[in-house]
1. So Arg85 fits all but one of (1) away from ligand 1 (no atom under 15 Å from the Cβ); (2) out of contact with any Gly (no Cβ under 8 Å at 6 or more places or on another chain); (3) at pLDDT 95 or above; (4) not hydrophobic (A, V, I, L, M, F, W, C); what number is the exception?
2. Quick one: would you say Gly177 is more than 11 Å from ligand 1 (Cβ to nearest atom), on the phi > 0 side of the Ramachandran plot and modelled with pLDDT of 95 or more?
3. Please determine, by comparing only the residues of region 183-197 that are more than 11 Å from the chain's Cα centre (by Cα), over 16 Å from Arg171 (Cβ atoms) and not small (Gly, Ala, Ser), which one is farthest from ligand 2 (Cβ to nearest atom).
4. Can you name the number of the only condition in (1) assigned to a helix (DSSP H, G or I); (2) within 18 Å of Ala136 (Cβ to Cβ); (3) within 16 Å of ligand 2 (Cβ to nearest atom) that Val25 fails?
5. Is it true that some residue in region 211-231 is touching a residue at least 12 places away in the same chain (Cβ under 8 Å) and basic (Lys, Arg)?
6. Would you say Val155 is of a type in the set (Val, Ile, Thr), more than 15 Å from ligand 1 (Cβ to nearest atom) and either touching an Asp or Glu at 6+ places or on another chain (Cβ under 9 Å) or in contact (Cβ under 8 Å) with a residue 24 or more places away in the chain (or both)?
7. Looking at Gly97, Gly72, which one is open to solvent by 10 Å² or more (accessible area, probe 1.4 Å), free of Cβ contacts under 8 Å to residues at least 24 places away in the same chain, more than 16 Å from the chain's Cα centre (by Cα) and more than 15 Å from ligand 1 (Cβ to nearest atom)?
8. Among the residues of region 103-132, which ones are more than 10 Å from ligand 1 (Cβ to nearest atom) and either closer than 21 Å to Gly54 by Cβ or in contact with a Cys (Cβ under 7 Å, 6 or more places away or on another chain) (or both)?
Amino acid sequence: MMHLEALLLDLDGTLADTEREGHRVAFNRAFAERGLDWCWSVESYGRLLAVTGGKERIAHFIATRQPTLPEGVDLDAFIAELHRRKTHLYTQALAQGGIPPRPGVLRLLREARSAGLKLAIVTTTTPQNVTALIEATLGREGLDWFAVIAAGDLVPAKKPAPDIYRYALRRLGVGPGACVAFEDSAAGLRAARGAGIGTVVIIVNDYTRDQDFTDAAQVLDGLGEPAAPCRRMAGLLDAPGWVDLEWVRRLHRAVSQGGA
Ligand code: XBP
Ligand code: MG
C-alpha cells in the first residue's frame, strides 16, 4: 500500500476564488489603461478560462475576436507588456487583501504540515501571483510551508498538459502514487491525471461546476468547515462534512486499493 507523502494544490480557483474578481478585473484594468476598449464580462471570462495562462488567454482573444490593435504593433511584445501590467495590478489588489482563501484550505494545510506531509503549489499562474496570494493569506512565512512552488512558464506547456505536475513531483522527490492533488477545473484534473496522480479531489466553483470530472477520485463543492459542511457531488467516499487529513488518507487508501 502506497504511503501518503504529499499534498499538491492548484492555486487559482482552489486555494482561493481568484478568477472572477481578481484576474478578470486586473485584465480589464490593464486593457483600459492601455486605451483598449476590451472588457471581459463575468460570463465571457468563463469561456476564456478554457485557455490556461494569461498571455495565452489574451493571444486567444486577439486571434478569435480580432479587435483593433495599435498601428504597427509587435504582437508578442504587446501581449507581454499588457500581461506585465495586469500582473502588477493583480498582485497590488491581493496585497490590499482583496481575496480570502477558500473555506477549509488553511485548516487542511496546517493539519497536513503538522503531520509532516510535504506541500506543493502546482499552477499555471505567474510566480509573482503565487507569492502575493500566499503572503496575503498565510503571511510571509507561509511561503516556507511549500517545499515546491511550481508555477507559470517554468514548463513550456501549461495545464491541461501534465508538465507542471511532473515538474513538481520531480522537485518533491515523490512518486505520483504517494500524492493527493486538489484542483478546481477539468484542465487541472487532466494535468494531474496525466502525470500519473490517481487521487485528485476536485472542489468546484461557479466557473467550473459543470465541467467533466469523471476522472476525479472525489468531487465536492468545497473543503467545508465544521460550521459549513461541504456537499458531495461525485466520488468514492461519502460526504465528509469537512475535508480533514483523516478523510484525505481514507480517499488515498481507497484509490490505492483500486477504487479509481
Ligand atoms: C489558472 C489560470 C491562470 C490565471 C491567470 O490556472 O489559468 O492562467 O487565470 O494567471 P491554475 P496569469 O488554476 O492552474 O492556477 O495571467 O498569471 O497567467
Ligand atoms: Mg485552478
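1. (1)
2. Working: more than 11 Å from ligand 1 (Cβ to nearest atom): yes; on the phi > 0 side of the Ramachandran plot: no; modelled with pLDDT of 95 or more: yes.
Considered against the rule, which asks whether it is more than 11 Å from ligand 1 (Cβ to nearest atom), on the phi > 0 side of the Ramachandran plot and modelled with pLDDT of 95 or more, Gly177 comes out as no.
3. Looking at the filtered set, the residue picked out is Arg193.
4. (3)
5. The answer is no, given that none of the residues of region 211-231 is touching a residue at least 12 places away in the same chain (Cβ under 8 Å) and basic (Lys, Arg).
6. Values: of a type in the set (Val, Ile, Thr): yes; more than 15 Å from ligand 1 (Cβ to nearest atom): no; either touching an Asp or Glu at 6+ places or on another chain (Cβ under 9 Å) or in contact (Cβ under 8 Å) with a residue 24 or more places away in the chain (or both): yes.
No; evaluated as a whole, the condition is false for this residue.
7. Details: Gly97 fails: free of Cβ contacts under 8 Å to residues at least 24 places away in the same chain.
The match here is Gly72.
8. Result: Thr131, Ala132.
The values are calculated or read from the model by the stated rules, or taken from the named source; none is laboratory data. Note that the structure is a prediction, hence the values are computed from the model and not measured. All Cβ positions, glycine included, derive from the backbone under ideal geometry; neighbour counts span all protein chains shown. Quick note on the areas: whole protein, heavy atoms, side chains included, nothing else; ligands and nucleic acids left out. Shrake-Rupley method; radii C 1.70, N 1.55, O 1.52, S 1.80 Å.
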